[in-house]
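This report refers to the structure that appears directly beneath it.
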Ligand code: BGC
């Protein structure tokens with residue numbers, strides 16, 4: 001089986017409004033630090049929708065959030081991810097006529113995402129209105145080797161006769177964000193965020209240092225060019241509108257080609273003190289190394305990535321393409337340092353304004369923990385970096401102790417303006433704790449727990465002590481919202497109480513473990529953590545209350561869930577979905593109707609908390625009232641269906657989740673990919689179909705193969721080792737590829753995983 005050849009392609013007959021916007025997302029370039037939408041260098045016609053964005057992970061400005069009734073401690077400001085500079089624009093004129101996909105004739109056009117070599121490409125054969133035929137091939141890359149680097153390699157070949165070409169390559173430092181006042185998932189307006197404080201051109205290299213209007217952060221873009229035609233004429237100058245343009249003229253005879261290479265470097269003041277100096281130095285280095293060096297490094301990086309993160313479906317190329325696309329996009333979207341995290345839309349668009357949610361902990365960290373634990377650690381380190389802000393946030397909400405992580409944020413402050421389905425989702429605190437425990441149980445990295453994990457766990461556990469209260473010897477958590485955003489401000493949400501209990505238990509466990517090893521002193525004096533508080537945590541965990549089962553043995557989502565009428569989903573017209581865009585939230589809250597997996601998600605996280613039969617009944621109940629209006633839902637249903645033995649359902653939910661973005665199933669991928677769902681689709685195979693489970697008892701699998709497949713293979717890391725698992729309908733084989741041998745249960749039987757393949761018959 002070959003793991004090479006991971007490409008995703010689209011043939012384009014004619015420019016279309018819908019597709020060109022969608023392809024800006026599907027063919028975007030990102031490396032976890034910068035992201036550039038896959039817009040066309042020459043632009044699109046004025047009546048086309050386009051989001052011409054370039055983003056830096058974690059780089060933001062502050063905007064006012066007007067509260068109509070400004071009650072005590074409501075949030076009045078929020079952060080928004082910024083579009084920083086346009087270095088994508090390159091105009092081309094062919095014998096005086098502008099190349100543009102909407103005019104002349106597109107003889108051929110193909111867009112490619114090459115996931116092995118880490119670039120996107122647009123290959124066009126274009127006939128100008130006057131009849132000159134040229135082949136245009138444009139390759140773009142955001143480098144994993146030099147995270148600040150974005151490149152465009154623009155090659156033109158004369159096909160029909162001699163042509164005079166003129167490239168006008170732009171560097172536009174002052175740009176604005178995309179906005180849509182009609183969609184709550186996008187920013188309603190875009191003020192001027194960025195102003196140039198210093199710019200210029202030296203030795204043909206243009207630079208611009210910009211400052212944001214309120215966060216006062218600086219970002220810098222530096223642009224340099226190379227051209228393969230030695231006789232080409234170059235000129236870089238500043239235009240009246242503030243943009244800097246590099247004009248290049250080149251004459252080609254029939255059959256000849258010329259290539260313009262555009263290097264852009266981006267830096268920011270979050271990560272370096274002197275972004276301009278740093279960017280200029282990087283440009284010098286990059287020009288010295290040359291583009292081929294970065295292509296080579298890019299391929300090596302990805303060879304290494306796919307070597308460790310492989311998931312292959314044996315006889316379903318379409319699904320295979322979809323899962324690989326998702327894994328690749330996660331790598332491209334996730335921060336490589338702790339200054340950023342992974343936004344709901346990655347770095348592919350401005351949906352949700354570049355905010356980080358629980359998506360990171362519950363859907364993306366589980367993927368990286370198994371494939372690249374370092375990146376999981378970075379995502380957790382970001383939370384640690386923002387722990388003080390979470391402490392402040394807790395105070396703002398009236399808590400006397402603990403840390404309340406915000407529902408959506410960039411720097412760690414709450415950016416959710418609508419608290420019932422925002423701030424009230426306290427479960428995020430337990431989700432973060434859960435992810436840290438997951439990281440620990442999979443890697444065994446106790447040092448990290450000592451350095452920051454235990455502190456987060458104790459502070460989040462403290463929060464639960466402050467939120468909850470005792471009623472008849474049970475510990476209750478009132479007025480919170482669970483993951484399901486169609487049911488808000490409830491008492492004792494089952495999911496929330498489960499993660500809270502786990503959070504309390506593990507805060508105690510970590511502390512006691514560190515104490516045993518004589519490693520807890522510093523932590524307890526830093527946090528003034530006493531034996532009394534430890535006991536309080538033990539007690540609250542033990543006394544945690546869960547809503548009483550319904551008559552039919554179904555677990556209620558919260559205390560009052562079953563008191564509400566059931567929403568008639570069958571009678572709801574198709575055009576009324578997603579419900580959130582068509583019904584007042586308060587109306588939705590009064591019905592049994594779910595946006596996404598909530599109680600069902602808890603079954604995945606805590607499979608042993610209640611009997612399987614109860615889980616099955618509950619699953620079937622929630623299935624009927626869940627709209628899956630959130631992209632985080634179907635993957636969770638898939639995993640739980642697998643765990644409960646409902647294989648066909650598991651497959652159906654999985655397919656939908658896997659293809660969500662690559663086939664634009666919700667018709668909104670144009671605003672950005674859905675990173676949580678991408679992690680979820682990986683989890684649906686590995687935790688779902690393969691039945692992976694990692695807990696204190698160790699690691700186990702119990703795979704099945706969905707009917708439509710002949711088998712699948714994947715690799716995961718556990719305790720520093722890497723294994724490969726191949727599953728067919730007849731057998732499961734596991735082999736150690738790297739690291740030490742360890743024990744694993746396969747279908748309940750303990751087996752030692754070594755370099756010699758272990759084969760178990762199904
Ligand atoms: C979902 C949330 C999710 C957010 C960002 C919302 O639609 O309901 O659970 O965190 O999107 O992905």
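All of the numbers you see were taken from the coordinates with simple rules; none came from a lab. Model, not experiment: these values are computed from the prediction. Quick reminder, even Gly has a Cβ in these numbers, built from the backbone with ideal geometry, and neighbours come from all protein chains shown.
With R₀ fixed at 60 Å, the C-beta to C-beta distance from residue 19 to residue 400 puts the FRET efficiency at about 0.65. Inter-label distance, residue 166 to residue 446: 7.1 nm, where each label sits 7 Å from its Cα along the C-beta direction.
For the chain, the longest principal axis of the Cα atoms and the long axis of helix 427-443 meet at an angle of about 80 degrees.
Each part reduced to its alpha carbon centroid, the stretch 228-279 and the stretch 530-568 end up 61 Å apart. Axis angle, to the nearest 10 degrees, between helix 373-385 and the longest C-alpha principal axis of the chain: 80 degrees. Computed over the chain, the P(r) tail beyond 46 angstrom holds 23 percent of alpha carbon pairs.
Ordered by the number of other Cβ atoms lying within 10 Å of each residue's own Cβ, fewest first, 72, 235, 415 fall into the sequence 72, 235, 415.
Going highest first, how would you order 487-498, 372-383 by mean Cβ packing within 10 Å? Intermediate values should be presented prior to the final figure.
On the way: 487-498: 24.5, 372-383: 21.4.
Answer by packing, highest mean first, reads 487-498, 372-383.
Counting neighbouring Cβ atoms within 10 Å and putting the fewest first, the residues 134, 760 line up as 760, 134. Using a simple spin-label model with pseudo-atoms 7 Å out from Cα toward Cβ, residue 747 and residue 110 lie 4.4 nm apart. Here the simple spin-label model places points 7 Å from the Cα toward Cβ, and for residue 336 and residue 198 these points are separated by 2.6 nm. The long axis of helix 494-516 is offset from the longest Cα principal axis of the chain by roughly 90 degrees.
Taking the stretch 454-478 and a reference point 7 angstrom along Cα→Cβ of residue 542, the backbone N atoms nearer than 13 Å belong to 474-475. Relative to the current alpha-carbon distance between residue 708 and residue 609, full extension at 0.36 nm per residue lengthens the span by 32.4 nm. Applying 1/(1 + (r/R0)^6) with R0 = 56 Å to the Cβ-Cβ distance of residue 274 and residue 103 gives a FRET efficiency near 0.80. Ordered by the number of other Cβ atoms lying within 10 Å of each residue's own Cβ, fewest first, 525, 713, 416, 143 fall into the sequence 525, 713, 416, 143. Applying 0.36 nm per residue to the separation of residue 241 and residue 560 and subtracting their alpha-carbon distance, the gain on full extension is 108.9 nm.
If r is the Cβ-Cβ distance from residue 738 to residue 648 and R0 is 35 Å, what FRET efficiency results, to the nearest 0.05? The value I calculate is 0.45.
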